[in-house]
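The values are calculated or read from the model by the stated rules, or taken from the named source; none is laboratory data. Here the structure is a predicted model, which means the values were calculated and not measured. Backbone-built Cβ (ideal geometry, glycine too); neighbour counts: all protein chains shown.
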Amino acid sequence: MISVTRRRALAFGGMGLLSALGAPAIARAQEKKLIKIAIQFGTSHLATTVADQLSFFKKHAAKNGIDDVAFQIQRVSGSPVINDGIFSGSLDVGAYGTTALIAAWAKTKGSYDLKGIAACNEAVLALYSNDPAVKSIKDIRPTDRIAVTATTSPQAIMLQMAAEKAFGKGQVNRFDKQMVQLPHPDATAALISRTDITLYFAAPPFISTLEASGKCYKVIDGQEIVGGPYSGALLASTKKFADTNPKAVVTIVDALKEAMDLIKRDPKQAAEIYRSVEKTSLSNDEAEAAIRGQVFTTEPRGMQMFANFLASTGSIKQAPASWREMFFDPIAEGNGS
């Protein structure tokens, strides 16, 4: 059993690994009858929410011959809770951002071997400011404070990419000391109220809230920085779980795919489900607009690109030869990037 002290050491503070991970405790493999999946808040996790609310996990579990297995969805604030749960064994599957998953994969090779199960969506991230004078990355001042969900989140890494593009080699860490870790709801409120921060790297549906406020201005879109589509949230677990529960892994992928089909076919219903679960202040029309502006797919996007960048900055020792190394089947057999 992992001690409380060790479990805390295994948590990725703000999605960053606090320490090297040792070998996992040896235990007899046994298929689980209750699969606990932890996700965070926001429409990035809409497919998981829809699959849960419409019993798609139960439906596909029966189709895959594990009708005695139940799936329980938990919502948490912050990735450290997910990491602590995954490595202590209190959670089976957790939601990660792109860069957090890559960091976890790199750090746990040969021990827990954490890998992705499926992508949840393509990210729609954009940097906003409450100061109309900040029109580009080059306008950001040393006194500006920039809200990100974590200092190793995709938003933070894209700020590093943008800094290097705007100011040249050696400037990748230009904004690191200006980053402030805030959950999306808190960052949204802070930017609109013009209190603690002047910039915030936002995600849906919070982008809709910023736009509706009339007090915030888009500085740059994530795809402008990255140069193409990239995944937002991804579900992941350990090799031990995937090896012991292969039908559960397939069931998760199947349930997400059906949920994504529904989201595409009936975004209004998806918005109603989202609002009923997360109690957002957005109207149904606003939530639906945020959903229509996203692409929901289980295929990972941009994983190799992010891994290459993290390796170039020394954040991970070595990038994988292929993005497929960071995922379990059946997704690893697909057409991701």
List every residue pair whose Cβ atoms lie under 8 Å apart, where the two residues are 6 or more positions apart in sequence or sit on different chains, the first residue falls within the stretch 51-69 and is more than 20 Å from LEU262 (Cα to Cα) and assigned by TED's automatic domain parsing to the domain that holds LEU262, and the second residue, located anywhere, is of a type in the set (Val, Ile, Thr) and at pLDDT 95 or above.
-> ASN64/VAL250; ASN64/THR251; ILE66/THR251; VAL69/ILE35; VAL69/THR251
Subset tally (residues that are part of a helix (DSSP H, G or I) and either within 23 Å of LEU101 (Cβ to Cβ) or of a type in the set (Asp, Glu) (or both)) for the stretch 61-89 | 10
Going by the conditions given, is TYR112 part of a loop (DSSP other than H, G, I, E, B), under 21 Å from PHE328 (Cβ atoms) and touching a helix residue (DSSP H, G or I) at 6+ places or on another chain (Cβ under 8 Å)?
-> yes
Among the candidates LEU34, LEU46, which residue alone is crowded, with 18+ Cβ neighbours inside 10 Å and at pLDDT 50 or above?
-> LEU46
Strands (runs of 3 or more DSSP E) wholly inside the stretch 154-246 that include at least 1 residues being β-branched (Val, Ile, Thr) and not assigned by TED's automatic domain parsing to the domain that holds VAL69 | 179-181, 217-221
Inspect the stretch 277-285 for any residue being crowded, with 16+ Cβ neighbours inside 10 Å, of a type in the set (A, V, I, L, M, F, W, C) and more than 30 Å from ALA166 (Cβ to Cβ) and give the result as yes or no.
-> yes
Confirm whether GLU272 is of a type in the set (Asp, Glu), closer than 22 Å to ALA147 by Cα and part of a helix (DSSP H, G or I).
-> no
Inspect the stretch 216-223 for any residue being touching a residue at least 12 places away in the same chain (Cβ under 8 Å) and closer than 29 Å to ASN64 by Cβ and give the result as yes or no.
-> no
Going by the conditions given, is VAL277 among the β-branched types (Val, Ile, Thr) and in contact with a helix residue (DSSP H, G or I) (Cβ under 6 Å, 6 or more places away or on another chain)?
-> yes
